[in-house]
Amino acid sequence: MILQRVAAACATMACAFSPALASVPEPDDAEEAGTTAANLMVVLRESRGENKADETLQPYGRVSAQMPDGRRVDLAMSWYRYLGDMHLRLVFDGAQTFLSAEPNDLERLQLTPEDALELAVANIRRVYGPPAALPWSGPLMQVQGGAPDLASSYFLDRAFWLSVSLQHPRGIVAAVPQRGGLVYGPADDPEAVQALRFSAAALYAGAGGTQVSSALYLFKDGRWSVFQAPSRQ
């Protein structure tokens, strides 16, 4: 019965967060955004095939991109390997699009990557509202904010998870299967963990180009770790 309820909830979430309805554009678009500290934000993206064990930020290195004329160029971006099969991208929020931040932007703003991440999360809270935990299916909760396509970024809001963990001192298991989908349940509830495994796999499979992670994550003692490894691609 629980899996039937979760299946219905997965279908609802897949519709609500389909790419056609996403309100935040791709950070790879080239429109100019204001590159100020107040516009700095962060998004999570998939690093398929990886499974990083801890939250330390590791520079992604230079990124190869194809230009409109077909040329391929190497670009320096403020992208960092984060946890499991996820990496984070620091971006500037513009009126119509996101613009990827570069390492020299952080130097100009006198920010370390860790400071930039903290500021980016604070800016998301300020502009799009704080995260809210809403009932989703059975024992599972979903996290939402003012911009559906930024829901996954609230995975990085440690203050929020510290407050949630007061209700679940034995830990929280969460899934970030797609950009607009962030779902969690108590780690000490076997029914919740089973439902989360099912729903995460279904949402990830149906996310198309908006996939973020096929893993499950555990928040305990103030930090995230990999609870269930990403699926092999």
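Only one of ARG179, ARG170 is buried (at least 22 other Cβ atoms within 10 Å of the Cβ), in contact (Cβ under 8 Å) with a residue 24 or more places away in the chain and among the basic types (Lys, Arg). Can you tell me which?
ARG179
Given the criterion touching a residue at least 40 places away in the same chain (Cβ under 8 Å) and not in a strand (DSSP E or B), identify the matching residue among ASP115, ASP105.
Only one candidate passes the filter, namely ASP105.
Taking the range 190-233, which residues are polar (S, T, N, Q) and within 15 Å of the chain's Cα centre (by Cα)?
Across the range 190-233, the qualifying residues are THR210, GLN211, SER213, SER214, SER225.
One line per residue, one yes/no per condition, for (1) surrounded by fewer than 20 Cβ atoms within 10 Å (Cβ to Cβ); (2) under 26 Å from ALA174 (Cβ atoms):
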| site | (1), (2) |
| --- | --- |
| ALA76 | yes, no |
| PHE92 | no, no |
| LEU99 | no, no |
| GLN110 | yes, no |
| ALA116 | no, yes |
| TRP161 | no, yes |
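Would you tally the residues in the range 130-181 being over 17 Å from ASP85 (Cα atoms), assigned to a strand (DSSP E or B) and either among the hydrophobic types (A, V, I, L, M, F, W, C) or touching a Pro at 6+ places or on another chain (Cβ under 6 Å) (or both)?
Matching residues across the range 130-181 total 8.
Taking the options LEU182, LEU140, LEU150, LEU156, name whichever one is more than 29 Å from ASP115 (Cβ to Cβ), in contact with a strand residue (DSSP E or B) (Cβ under 9 Å, 6 or more places away or on another chain) and among the aliphatic types (A, V, I, L, M).
The match here is LEU140.
State all residues of the range 218-231 that are in contact (Cβ under 8 Å) with a residue 60 or more places away in the chain and in a loop (DSSP other than H, G, I, E, B); if no residue qualifies, say none.
Residues satisfying the conditions are GLY222, ALA229, PRO230.
Hey, among the residues in the range 56-74 that are surrounded by 14 or more Cβ atoms within 10 Å (Cβ to Cβ) and part of a loop (DSSP other than H, G, I, E, B), which one's modelled with the lowest pLDDT?
The selected residue is TYR60.
The values are calculated or read from the model by the stated rules, or taken from the named source; none is laboratory data. Computed from a prediction, not measured in an experiment: that's the story for all the values here. Note: ideal-geometry Cβ built from the backbone for every residue, glycine included; neighbour counts use all protein chains shown.
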